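Throughout, read-outs are computed from the coordinates displayed, never taken from laboratory work. These numbers were taken from a predicted model, which means no experiment stands behind them. Every residue, glycine among them, receives a Cβ derived from its backbone with ideal geometry; neighbour counts consider all protein chains shown.
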Amino acid sequence: MKKRLLQIVMALSLSAMVLSGCEGISFGKDNETVESTKKDKKDKKDKKDKKDKKNKKDKNVLTEEDIDIDKLKENDGLMLSLMNYNWDLVNPADDYWYYSTYDVYYDGTIIITNAYNISPDKVAGGQLSDDDYVTLYLFGINAATNDTFVNEYVDACDGEGWDFVFYDTDGNQTMIHSGYSYGITELEDIQSLVEDYAKSLDFTSMTDGASGGYEYEYIPSSGTWEEAYYNKLQEISEQAVEDPYSLDDGSEYPYAYALCDITDDGIPELIIKKGTCEADYNDDICTYDGAGIQSLGNIWSGHSSFYSNSGNGMYQYNGHMGYGALYYISLVDDEFVYDTILEESGYDDDGNWIEDFEYTDVTAEYPGTKYISYEELDNYLLFDMYNGELPKYSFSKDVADEGSADKFYSAVLENDEFVYAVGDGYMKNVGAIDIQSLLLEGVMYEYMSSDAEIVDTLIADVDGNGSYECVLYFSEGDTDYINYVGILSQEDGMVFCYLTFSRLSTYLTDDGYFLMYDEYPIKPIFYKDKIIWETHF
């Protein structure tokens, strides 16, 4: 649906073509002919209105008495998505209005995005009134159930087109109407309803750079561990920006955090990693006691990986230059106690390196353990990951199978369409850009030595949500060496390109895991302006 429209609109934006062959338009008619035409149209409309009234009686039409609005709002994801796009003659050099999307969610949220040819997108969000919520839901469910507008057609050549897509509570989508809607009263009423919200909301400009296009705003619930940790991380982040080596509590260079339920009370502890390198890495561990944050102490981390455990404590594996040790850290009388589980070496008694030596795979040897992922201080997606939830703005399910994904992404590349390029912390947050411009030297990565080329593509369900993504492999210059990787993902009618270093993601398994250094699987979790990696050692 949206992919076709974006292709159409993009094609129009790239060239100021003069449309021809428009049916239904003639010039120089006399008054008698015009009046006769009006009468014929009125007779047809009267007959259609009578037929519509009869059909409404015969079909299953829900009313306000049939629905429970509170129960509906318990559902997640999109309920109704409208897209209003420009089908007029345009000059590609002008900063013309490109399209607008009105996304209505089951929780009553409405997110509106206005896109322009040159200027950054503008976005706003608000809450629907209960009356408007009911109106939109009844419109969507009744139109989808009864194919109300499936045969509606408006004869026109240019102007504004509209798409109406309804999503049921299971996420299944139905195209209600696509194309012009001039004169179709019920559709125009729905358009006016959502446009009224656009007039009342404050829009935020989507600039290139840090936001990368869209921004995920995390709002924790009051009086929860999420709120306490969120405030703590914000405070640390603000201090770290001013002076990373001199925080108020005397600690130095905090740069990442993790969550793990060390005390086995159902509330995770907050682990804050500090230091400048493997020689001085150390972690502050805090807990939430219902009233505030309490410190449990500090542990040295060095060159270590940590693993969660269903109990009072966690595993720490330290490996360095062929030597390794696994410790179990538990909390006894408010003090951390270390128990050595194993020690191992890649050298034999004579000091010779043991061929095919491998460090112990903790998750394989100790069932129930899970690698603890760290994330940047201001990336709160880790909170949702811990709770088993991703943001409510769910991924699009327009791409149903690998074949259609292949065709869709091929069209994106062949037409050199715009994508929203988002970096992983090393690669740059570029924002809205066409594919060819993204490949230019220094655009996706500051230290590129030449322009890049797409040397390979792969279609796969990278994020495991049931729709396919397209993995692009980039190389610099005349070589087949993979320098960087981009993951094209269709979300809410837009195409995002998540950029990452190939050293982390050269190979991809059938179930969407990249293989780091050819053996350690990692899965990307991405959402609009963020990409983080869920690591499985």
Please give, to one decimal in nm, the separation of the simple spin-label points placed at VAL443 and GLN127, each 7 Å out from Cα toward the Cβ.
4.2
Compute the length gained on full extension between VAL61 and THR174: take 0.36 nm times their separation in residues and subtract their Cα-Cα distance, giving the result in nm to one decimal.
39.0 nm
What is the calculated FRET efficiency for SER119 to CYS277, with r their C-beta to C-beta distance and R₀ = 45 Å, to the nearest 0.05?
0.60
Which whole-Hz couplings ³J(HN,Hα) result when phi for each residue of segment 269-282 is put into the Karplus expression 6.51 cos²θ - 1.76 cosθ + 1.60, θ = phi - 60°, listed in order with x for Gly and Pro?
8, 9, 10, 10, 8, 10, x, 10, 6, 4, 6, 10, 4, 8
Interchain or long-range residues, amide H under 5 Å from ASP261's placed H:
GLU269
Of the listed pairs LYS274/LYS428; LYS122/LYS232; LYS199/LYS407; LYS73/LYS232; LYS122/LYS428; LYS71/LYS199, those with alpha carbons more than 26 Å apart are LYS122/LYS232; LYS199/LYS407; LYS73/LYS232; LYS71/LYS199
